[in-house]
1. Given a cut-off of under 8 Å on Cα pairs at least six residues apart, what relative contact order in percent is computed for chain A?
2. I'd like the distance between the alpha-carbon centres of segment B:156-186 and segment B:62-102, rounded to an integer number of Å.
3. What does the extension gain come out to for A:SER222 and A:TYR198, with contour length at 0.36 nm per residue minus their alpha carbon separation?
4. Got the relative contact order for segment B:165-262 handy, in percent, Cα pairs under 8 Å and 6 or more residues apart?
5. Please compute the modelled spin-label separation between B:ASP149 and B:LEU191, points set 7 Å along Cα→Cβ, answer in nm with one decimal.
6. For segment B:4-261, what is the per residue volume of the convex hull drawn over the alpha-carbon atoms, in cubic angstrom?
7. Among A:GLY83, A:LEU45, A:VAL154, whose Cα projects farthest towards the positive end of the dipole of the protein assembly as shown, with charges put on the beta-carbon of Lys, Arg (+1) and Asp, Glu (-1)?
8. With labels modelled as points extended 7 Å from the Cα through the Cβ direction, what inter-label distance (nm, one decimal) is found for B:ASP246 paired with B:ASP27?
Amino acid sequence: MPVSMMPLSVFDDFANVNISLLSGFKTTLLIFFITLAASLPLGLLITMGSMSKIAPVKAVVRTFVWIIRGTPLMLQVMIIFYGPGLLFDMPMRDRLTAVLVAFIINYAAYFSEIYRGGISSIPQGQYEACKVLGMTKSQTFFRVVLLQVVKRIVPPMSNEIITLVKDTSLARVISVTELMKSAQDIVNQRAIIWPLFYIGVFYLLFSGLLTLLFNFIEKKMSYFNG
Amino acid sequence: MSDIILKVDGLHKRFGKTEVLKGISFDLEKGQVLSIIGSSGSGKTTLLRCITSLETADEGRIEVDGNVIFDSASPVRDSKRETRRKQLSTGLVFQSFNLFPQYTALQNVELAVRLLAKERPDYKQNKKAIKAEIEKNAMELLRSVGLEDKAGNYPCELSGGQQQRVSIARALAPHPAVLFFDEPTSALDPLLTGEILKVIKQLAAGKMTMVIVTHEMSFAREVSDKVVYMQHGVIAEQGTPEELFDNPKSPEVRAFLNKFED
């Protein structure tokens, strides 16, 4: 039955549900994009630490990455939100900030490992060819190595970024009203189930778009083997 | 003797406890071709890697075209720029080509020279002219290895032999005084070795100074002015191809050459 022919109350319901879900979705998008924008470069910094020639730096950074990757993101969100208040009597005012801090650190740690894998998979011969051709270290990295690394890390990065879409729902653990929580609130208030299926479609579309984007990038870089 | 362009003196190299080079000395005149033969593990590749600065020797002295590349008696302390200038006095062709996959054949040949040109004081004013000049030279090099028509192709679109020829052109682009080859045909299908050997012969005819580590005995004999036989990190015998291949003095060389006649 087309929407316009539905009884008014159902249509009304649908519109209201959409309005609350959309405001939740806005928060979801915010978490997604800010996390991505900050953790992509931060991850590179962590990679530099975990590949450092200075042994103590490497040990500290790798331990840090192990802790972040070895504990649940949900736990990290809770510790960052409740920790300052309960430990130092300096409560976190903004829940969303706590979520962003936890997400950025967590995703930077994951990205750093993907970068590290990509960098160390470049054959030594590429560096040697650059050296005998008199290229500097930065020319070697930016002109020769970087694009090959990017090509190699696109598949694991796309995996991780699609995971981030769904991980945004963990923000609800400290009552940040993102898409998941706004749907759950509606379910509780109105005793209807369909909003849960409906947000499933949101996540699917979002990750579907990302999949298309990453396929496009992969295709763009298929002109070389390396 | 003023024409000596490569001089290696008492070179030693250890990896941990294994001594791979145990005092290597030889020299080479400008325009000559030296082949280094010997069984695997004799130190041939390590020797090339020390001369081309991919490895640092432990002891001895290396001089290329008047530049002291390495000297354990009075360690070389060059600025980065000076180190790179000296680096470019040698060129190296790798066994596994090591072309840059994301660049076309032409771009592979041009890259290092382009980056170097950016440091020229007149680069900004004459950008266009300099770029055109570099491209012209690179095309010329590709023509000389018979790959003019593949200039726009990526390495993955080329056969192994073609890739190796691009890598020879790339090594020649910065005008090295001595060009080194590390088993340039070992990674190739036997049918494709011929095209590489032809290019090397052509370079020899043009009086390019070259050092070639190779297992192609008949080729070494044909193209070289001088042959060195290495064994267990020392030069066991050296001489003209006739001396070494027809009248080897040591039983080891005889035994080694016999293996190739089968």
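The values are calculated or read from the model by the stated rules, or taken from the named source; none is laboratory data. Note that this is a predicted model, so its numbers are computed, not measured. Note: ideal-geometry Cβ built from the backbone for every residue, glycine included; neighbour counts use all protein chains shown. Side chains are part of the model used for accessible areas, which takes the heavy atoms of the whole protein and leaves out ligands, DNA and RNA. Shrake-Rupley method; radii C 1.70, N 1.55, O 1.52, S 1.80 Å.
1. 26 percent
2. With segment B:156-186 and segment B:62-102 each reduced to a Cα centre, they are spaced 17 Å.
3. The A:SER222-A:TYR198 span can extend by a further 5.0 nm.
4. Relative contact order here is 20 percent.
5. Result: 1.8 nm between the two label points.
6. About 136 Å³ per residue, rounded to a whole number.
7. The Cα lying farthest towards the positive end belongs to A:GLY83.
8. Spacing of the two 7 Å Cα→Cβ label points: 2.7 nm.
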